[in-house]
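I have placed the structure first, in the form of structure tokens, so that the comments after it can refer back to it.
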Amino acid sequence: MSLSSPKVNQSNSEGGLTHLLTLEDMPREQIIHILDTAQQFVSVSNPNREVKKVPLLRGKSVFNLFFENSTRTRTTFEIAANRLSADIINLDIPTSSTSKGESLIDTIDNLIAMQADIFVVRHNISRAPIEIAQHVPDYVHVINAGDGSHQHPTQGLLDVFTMRHFKKDFSKLKVAIIGDILHSRVAKSNIHALSTLGCTDIRAIGPESLLPNDLASELSKFGVKTFHQVEDGIRDADVVMTLRIQKERMEQGQVPEGDAFFKQFGLTSSRLAMAKSDAIVMHPGPMNRGVEIDSAVADGPQSVILNQVTFGIAIRMAVMSIVAGN
């Protein structure tokens, strides 16, 4: 994981957001604009609202290109596009031409010829959405739905939206992020967003194998403090976020397996008690209960995990409406 990468152009000459590829170097004003726009869309998802649609993307075609599986992210993007009245096309990657040897760019060109307006791209190769954005014509927009270990900008945005909803002032927040910091695009996006929004107390907590000295040194340049003991890093935190531990990390011996990891780094009620009494608990999903987080915490009164999912729809509506308007 590297927090710094070559600068990405995702705005037009007037400064309007035309793609969402990364939160790194994104101006504070743009992030606030997305959060404020999403706030307006929260009411569209209100269960008491009879018609959960607005016509902002009527006549536009949104292509979901998920080269990496993600039920939650893909579904919320699909719901968001539907609520904006867009036409939605979900490309079946396992049976698409890319599985038969067609290049990524050739696939994109063919979809552009089918009048695509927005590509939502999730890819296991870092910077793949950036390559697409550099290739498409000006009237086509690209949204990064997670690329390798690089960025997951809409997740970072929905996370800071959730924090702002419950905690208001970023400058006073103490945020603890626990887990696989080394490989996490979610951690990276959150750190960039939080730093830009004025949060000065960010803690990264994890085993040395997933939070090595070189990464700790890089994180320190962004004002992030690193800890290898949950108890030390979580103390007095306002926000506690746990990250998903991938099974392959355990199989490769990078972290202890299941119960052993939970014993050392799992978020339990006793550990959460070391944070502030009104601290909120977050998780980007999907959760491994009994590995990263105890069910009593995940389902407890301080958990806002399901709120994150709901707010994710509003954030993705906001991003699509903003890029399509530029």
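Open to solvent by 50 Å² or more (accessible area, probe 1.4 Å) and assigned to a loop (DSSP other than H, G, I, E, B): is that true of Phe166 in this structure?
Answer is no for this residue.
Looking at Phe161 and the list (1) open to solvent by less than 60 Å² (accessible area, probe 1.4 Å); (2) touching a Phe, Trp or Tyr at 6+ places or on another chain (Cβ under 9 Å); (3) among the hydrophobic types (A, V, I, L, M, F, W, C); (4) over 30 Å from Leu210 (Cα atoms), which single condition is not satisfied?
Phe161 satisfies every listed condition except (4).
Hey, among the residues in region 175-188 that are modelled with pLDDT under 95 and of a type in the set (A, V, I, L, M, F, W, C), which one's surrounded by the most Cβ atoms within 10 Å (Cβ to Cβ)?
Ile181
Residue check: is Met320 at pLDDT below 95 and either touching a helix residue (DSSP H, G or I) at 6+ places or on another chain (Cβ under 9 Å) or in a helix (DSSP H, G or I) (or both)?
In short, no.
Could you run through region 3-38 and say how many residues are within 16 Å of Phe222 (Cα to Cα), touching a helix residue (DSSP H, G or I) at 6+ places or on another chain (Cβ under 7 Å) and of a type outside the set (Lys, Arg)?
The total comes to 4.
Quick check: anything in region 61-84 touching a residue at least 60 places away in the same chain (Cβ under 8 Å), out of contact with any Asp or Glu (no Cβ under 6 Å at 6 or more places or on another chain) and farther than 19 Å from Ala145 by Cβ?
no
Take the residues of region 116-146 that are modelled with pLDDT of 95 or more and of a type in the set (S, T, N, Q): which is farthest from Pro284 (Cα to Cα)?
The extreme case among them is Gln134.
Identify all residues within region 113-149 that are open to solvent by 10 Å² or more (accessible area, probe 1.4 Å), free of Cβ contacts under 8 Å to residues at least 60 places away in the same chain and of a type in the set (Asp, Glu); write none if there are none.
Glu131, the sole residue that qualifies.
Please list, ordered by first then second residue, the pairs with beta carbon atoms under 6 Å, 6 or more apart or interchain, first in region 28-42 and among the polar types (S, T, N, Q) and at pLDDT 95 or above, second crowded, with 17+ Cβ neighbours inside 10 Å and part of a helix (DSSP H, G or I).
Thr37/Ala318
Which number in (1) within 17 Å of the chain's Cα centre (by Cα); (2) surrounded by 23 or more Cβ atoms within 10 Å (Cβ to Cβ) marks the one condition that Ser195 misses?
(2)
The values are calculated or read from the model by the stated rules, or taken from the named source; none is laboratory data. Note that the structure is predicted; figures quoted are calculated from it, not measured. Ideal geometry is used to build each Cβ from the backbone, glycine not excepted, and the neighbour counts take in all protein chains shown. What goes into the accessible areas is simple: the full protein's heavy atoms, side chains included, and nothing from ligands, DNA or RNA. Shrake-Rupley method; radii C 1.70, N 1.55, O 1.52, S 1.80 Å.
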